[in-house]
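Structure, as structure tokens:
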Amino acid sequence: MNMIHSKKLVTAILTVTVVSCVQNDRPTIETIELQNIVPEEVMLSDLTSGMETVQLETRDDCLIGQAGIIRIDSTHIYISDAVTRSILIFNRHDGKFTGKLNKSGRGPGEYLEITDFCIDPSAHTIEVLDRGGRQLLIYDMSDLSFIKAVSLPISASELIKKDGMYYLGTHGVGNYIDGERTNSGVITYKPETREFKALFDYVRPESENRVFWIKGLTESPDGQIYFSQIWDNALYRIEENAAIPVLKVDGGRKEVPDRIKEGSYEQQEAFLNTSTHGYMFYRLAYKNGDKTAISFTDGSNPYKYFHYIQAGDKEKLVKDIIIDYIDGRPRMNLMNMVIQKDDIIVLWTPYTKHDEKTEAFLNSLGMSSEDNPAISIFKIKP
């Protein structure tokens, strides 16, 4: 349920490679059956315990041109801006602008692009993944000063850091580790030993080397990391240097045939040009105790987005979420939801065309088309 920003990303979501786990003897795992679950609308209050909206301060030096990645901690909101190639920082509680990390360039301590970034409160750092420059840049969280850069021998597009270990999502692009080619969707990096390790043994031919812009890595509220990738209906838990399958999704009659999942790019693209594609890209968006949320697409035209939500022995297939905290009850755009730990985050852009109910909500906040976005945060029920 990460934020998706363009039709290009939708195309990417529908053209990612299949992966195979390094585990040869897979344990028996739970299978989620979607065949007989009827899609329905749900009220957001059924899933969350309240709504908090923070309107971001609007000033000439902090205008957001195109919001990208959002990270929120207990004190600040961090938003990457694709237009200025910067990270804008706002107060978590009142939305006041507090700073900007703007180091775009080719010199020391500078990045070509902010492909992803993470906040490490224990190290008091902001860490930027620069895919184009193949580097990881580390900055001090207080004054945004440059600390150091780490050269990466691989191309990566996603970043999670846990207990000093880096988990790098590659979107299946071809990389080389110690001279061996890999299309592993996840590669780990251990700074102490400078060791890079592919967690999947999948390899595409040299001629089939592409970047697919999807998000596959997820971190749960308890710090556990999960991974999922299109054309593969298994969902994995990442443990140190291993990917362990924990769930499997069965789409029934809407499941993509195995011959397509295991086929060449040409076969997959020909399949995607048909009028109905079926369910694909099962992403483990949230897992905490007996609560699970899996997002996926239905490739029929136009594309549809769904969430499978399970709490104990109850399960739902969600096609729309009604924000019943707001007068008029607008529908949440499932494509633009972000789940971070135990928060559901929605970015409201006043300069984007919305439905009438959402427009009425933005008007109630006194927002105009020239204002910075507002952010609503919904706490997932324990």
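Read-outs: derived from the displayed coordinates by stated rules, not from any lab. Since this is a predicted model, take the numbers as computed values, not measurements. Don't worry about glycine lacking a Cβ; one is built from the backbone with ideal geometry, like all the others, and counts go over all protein chains shown.
For this structure, a couple of remarks:
- Approximate spin-label separation S364-E180, in nm, with each point projected 7 Å along Cα-to-Cβ: 5.7
- Across K254/K319; K291/K314; K291/K379; K248/K319, pairs whose alpha-carbon gap is larger than 18 Å: K248/K319
- Cα centroid separation - region 118-184 against region 247-294, whole Å: 28
- Note: relative contact order over the chain, using C-alpha pairs below 8 Å and six or more positions apart, is 20 percent.
- Value at 222 nm in deg cm²/dmol, rounded to 500, when DSSP H runs of n ≥ 4 in the chain each add -39,500 (n - 2.57): -2000 deg cm²/dmol
- Fraction of beta bridges assigned by DSSP in region 167-290 that are antiparallel (%, nearest 5): 95
- Figure legend: label point modelled 7 angstrom from the Cα of K304 along Cα→Cβ; residues of region 269-283 with amide N under 20 Å from it are 272-283.
- Relative contact order %, region 116-183, counting alpha carbon pairs below 8 Å whose residues are six or more apart: 22
- Two-site FRET efficiency, D140 against D94, from Cβ-Cβ distance with R₀ of 22 Å, rounded to 0.05: 0.40
- Approximate shape of region 90-131 as ellipsoid semi-axes (Cα gyration tensor, √5λ), whole Å, largest first: 22, 14, 9
- Around the amide H of F97, modelled in the peptide plane, lie the amide H atoms of E57, N91, all under 5 Å away and 5 or more residues distant in sequence or on another chain.
- Entries in K96/K381; K162/K341; K161/K341 that, when Cα-Cα distance is taken, lie over 18 Å: K96/K381
- Simple spin-label estimate for V150 and E57 gives 3.3 nm between the two label positions (7 Å along the Cα-to-Cβ direction from each Cα).
- Contour excess over end-to-end distance, with Cα ends at D290 and I37 and 0.36 nm allotted per residue: 89.2 nm
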